[in-house]
1. Collect the residues in the stretch 13-51 that are closer than 18 Å to Arg216 by Cα, in a loop (DSSP other than H, G, I, E, B) and not acidic (Asp, Glu), keeping them in residue-number order.
2. If I ask for residues that are surrounded by fewer than 24 Cβ atoms within 10 Å (Cβ to Cβ) and outside any loop (DSSP other than H, G, I, E, B), which ones from the stretch 62-78 would you list?
3. Out of the residues in the stretch 148-193 meeting the condition of being among the basic types (Lys, Arg) and loosely packed, with under 15 Cβ neighbours inside 10 Å, tell me which one is farthest from Leu279 (Cα to Cα).
4. Residues in the stretch 301-315: is at least one hydroxyl-bearing (Ser, Thr, Tyr), at pLDDT 95 or above and over 28 Å from Ile17 (Cα atoms)?
5. Within the group Tyr281, Tyr335, which residue is modelled with pLDDT under 95 and within 20 Å of the chain's Cα centre (by Cα)?
6. Please tell me if Ser59 is among the polar types (S, T, N, Q), under 23 Å from the mean Cα position of the chain (by Cα) and either at pLDDT 95 or above or over 18 Å from Asp212 (Cβ atoms) (or both).
7. Can you tell me how many residues within the stretch 210-267 are at negative phi, surrounded by 18 or more Cβ atoms within 10 Å (Cβ to Cβ), assigned to a loop (DSSP other than H, G, I, E, B) and touching a helix residue (DSSP H, G or I) at 6+ places or on another chain (Cβ under 9 Å)?
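The values are calculated or read from the model by the stated rules, or taken from the named source; none is laboratory data. The model shown is predicted, which means the values in this text are computed figures rather than measured ones. Neighbour counts are summed over all protein chains in view; Cβ atoms, including those assigned to glycine, are modelled from backbone coordinates with ideal geometry.
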Amino acid sequence: MKKTKIKKTIAEINDKIRSGDAVVVTAEEIIDIVRDNGPVEAARQVDVVTTGTFAPMCSSGAMINFGHFKPTIKASKVWFNNVPAYGGLAAVDCYLGATALCEEDPLNRVFPGEFNYGGGHVIHDLLAGKQVHLRAESYGTQCYPNRSVEKMITLDDLPFAVLSNPRNGYQNYNCAVNRSKDTIYTYMGTLKPRMENANYCSAGQLSPLMNDPQYRTIGVGTRIFLGGGQGHVAWHGTQHNPGVERTGLGVPTKPAGTLWVMGDLKTMDPEWLRGVSILGYGTSLAVGLGIPIPLLDEDMARQTAVTDEDIVTQIVDYSTDYPQGTGRILGRVNYAQLKSGTITIDGEEVITVPLSSIKKAREIATLLKDSISRGEFLLGEPQIPLPVA
């Protein structure tokens, strides 16, 4: 391994944050700094690069303890606003998933034209201070004799509420199209027939794992911006798949790394956790996620200077190849092309549609930059690295 000219530690950078001397820039700002000064001087000048993304992240939810009743109950079935939560835990613990659908007609009908209400909306409603209807049922035991409870609750009434998202912050993702003659409805949004649109979901050069593609500074224990509050990386995410084809910068050309993230729901903001209804698919939760990247050396400076032109993804036909798992792709495209509004596939111009908000991603990176600059946000030292292969 080659020796670097600049070498910093996270502890040293945290000392600079505490003293107010840290230089913090966003993932967009570092691009020009590296281009104008080179990676060595950029690493010398800058201490932290902030990233951001805001998009539907279906593998999200909240671990909730709703408190004991008199008489006590061991809840085996739980609903919030008639959205089922998983009750196969102890007593009054449950997990509310973002994609769980309301059981009350007509909201549970997943077909075109229907608005769906689900777990993501319940989480947002709780954060927004709204009352939510709790219902729980039990088979009854001698220590937990109660068989049914109902109550209107708010987030303040819950003794414990933690956002626990098993798969967030995907490192790259597909560009989805539909080559069939019929409109199809997917988690990637509505795909019109004959490739009338191409949908994608990534913040590109602002995206957290794109700025640390080999997970040198992101691991278990990394402190993050999560839902408007502070959270941590708890583990690598489900479907974490780092051993994919990568460019010379180490950036994957298809879906790769993912993060399991957690944080105190009560410290979060409804602006950055929003319930989503996806036509013909169901519900999800739009999550605001930002990660600070410490510039430990010039290699990190070089990687955080990644641009949309450097990031390539695969184009997949969601009418056949995705559901059948064929692995076929129609081609590759970079994020500068996707963000331009149109791409060319097989000689045809196709309109591109983002599911992620670049505006919100930019706001998150800026909020995180300001928080670190004020000394309100220290970097978390990773305790366990993410798997790299």
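1. If the condition is that a residue be closer than 18 Å to Arg216 by Cα, in a loop (DSSP other than H, G, I, E, B) and not acidic (Asp, Glu), then Ala27, Val46, Thr51 are the ones that fit.
2. Of everything in the stretch 62-78, those that are surrounded by fewer than 24 Cβ atoms within 10 Å (Cβ to Cβ) and outside any loop (DSSP other than H, G, I, E, B) turn out to be Met63, Asn65, Ile73, Lys77.
3. Lys151
4. yes
5. Result of the check over Tyr281, Tyr335: Tyr281.
6. Values: among the polar types (S, T, N, Q): yes; under 23 Å from the mean Cα position of the chain (by Cα): yes; either at pLDDT 95 or above or over 18 Å from Asp212 (Cβ atoms) (or both): yes.
Yes, satisfied.
7. Number satisfying all stated conditions: 10.
Per-residue answers, yes or no, for (1) more than 30 Å from His236 (Cα to Cα); (2) in contact with a helix residue (DSSP H, G or I) (Cβ under 8 Å, 6 or more places away or on another chain); (3) modelled with pLDDT of 95 or more:
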position	(1), (2), (3)
Glu103	yes, no, no
His121	no, no, yes
Thr141	yes, no, yes
Asn146	yes, no, yes
Val149	yes, no, yes
Met152	yes, no, yes
Leu163	no, yes, yes
